[in-house]
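Readers should treat all values here as calculations from the given coordinates under stated rules, not as data from a laboratory. Keep in mind that what you see is a predicted model, and the values were worked out from it rather than measured. Methodologically, a virtual Cβ is constructed for each residue, glycine included, from the backbone with ideal geometry; neighbour enumeration extends over all protein chains shown.
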Amino acid sequence: MTTETNTEIARKTNDADTPEVSALNIYVMGKRYLVPAGLTIMAAIEYAGYQFVRSCGCRAGFCGACSTVYRKDDEQKLHFALACQTTVEDGMYLVQIPFVPAAKAKYMIEDLKAEENTILSLYPEIARCVSCNTCTKSCPQDIKVMMYIQNALRGDIAKAAELSFDCIQCGMCAMRCPADIKHYHVAQLARRLRGKYIDTLSKDLKKRVAEVEGGQYDKEIEELVGMSEEQLRGLYNKREIEAKKKKEGE
Ligand code: SF4
Ligand code: SF4
Ligand code: FES
């Protein structure tokens, strides 16, 4: 993370008439900053002197925390992206969306059945979908969001779960939907129902869960908990790497 102060950044911004090589103008909360090309949006915002307290998690495209909305100087279109995965471009007006209010239905998965109306009964608003496809266009994961909602509405739980598999719960779809649907909660319910009631139970998983519950690994876990960071690092570096092992066996 940059250690530059806002004053230093402001000086650079004021110097924008004589920019450094490959410097780009971006706007964060309406204020202009000059940042080097090639950075991700997240790194560029940090370069501009901001520190992420919210709206940042894995920095690797998995957690969905870094939702960004932007519009460019010369465009009508509003864009949706993950700040940790998208490279900064000249003229971006950026806004971070750390949280999208979207209440989740209350349920215990054990009390549900994977039936045609199960999702609809918990999220009746899916019946209000007007098929505008705005949700799909807002998704930084290129998921067919409208399609999984339509499948949930039809009661095809397995398909809704499959189509939404890459959802990282960033909430961009829910923010834009004119029918106020909470897509990612709907998708999560579909995947939970599929995992619990539709897919075949893995025998290996069942066996491993029984081993864990039977205390087979308690001693090893206790040892790990008692180790220092240095010991843990040493252990990690000595781990058996499967690809390497296979290659050696060739
Ligand atoms: S944005 Fe909402 S109303 Fe439009 S297609 Fe998606 S779920 Fe349906
Ligand atoms: S489906 Fe919605 S919540 Fe999931 S990744 Fe796409 S936009 Fe984000
Ligand atoms: S910080 Fe996790 S997806 Fe960007």
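For the chain, what is the convex hull (Cα atoms) projected area averaged across all directions, in square nanometres? It would help to have the intermediate numbers written out before the result.
On the way: hull surface 80.8 nm².
If I average the Cα hull's projected area over directions, I get 20.2 nm².
Which of the chymotrypsin sites (Phe, Trp or Tyr not before Pro) across the stretch 74-159 are loop residues per DSSP, with 14 or fewer other Cβ within 10 Å? The partial results should precede the final answer.
On the way: sites: Phe80, Tyr93, Phe99, Tyr107, Tyr148; in loops: Phe99, Tyr107.
For chymotrypsin sites (Phe, Trp or Tyr not before Pro) across the stretch 74-159 that sit outside H, G, I, E and B with at most 14 neighbouring Cβ atoms in 10 Å, the list reads Phe99, Tyr107.
Restricted to Cα atoms, the stretch 187-241 shows a radius of gyration and a Dmax of 16.8, 44 angstrom. Couplings 3J(HN,Hα) for the stretch 91-105, derived from phi with the Karplus relation 6.51 cos²θ - 1.76 cosθ + 1.60 (θ = phi - 60°), are x, 7, 9, 10, 9, 8, 10, x, 7, 10, x, 7, 4, 9, 5 Hz, where x marks Gly and Pro. Given 25 °C and 0.890 mPa s, compute D for the stretch 65-153 with the Stokes-Einstein relation, Rh being the Kirkwood radius over Cα pairs; round to the nearest whole µm²/s. After rounding, the answer is 157 µm²/s.
Kirkwood Rh over alpha-carbon pairs of the stretch 135-250, then Stokes-Einstein at 10 °C and 1.306 mPa s: what D in µm² s⁻¹, rounded to an integer?
Values: Rh = 18.0 Å.
Answer, rounded: 88 µm²/s.
Loop-located trypsin sites (Lys or Arg not before Pro) in the stretch 66-167 (DSSP state other than H, G, I, E, B) with a sparse environment of at most 11 neighbouring Cβ atoms within 10 Å: Lys77, Lys106, Lys113. Between the stretch 25-63 and the stretch 160-201, the alpha-carbon centres lie 28 Å apart.
Mean residue ellipticity at 222 nm, helices only, the chain: -10000 deg cm²/dmol; runs of at least 4 DSSP H residues each add -39,500 (n - 2.57), and the sum is divided by the number of residues.
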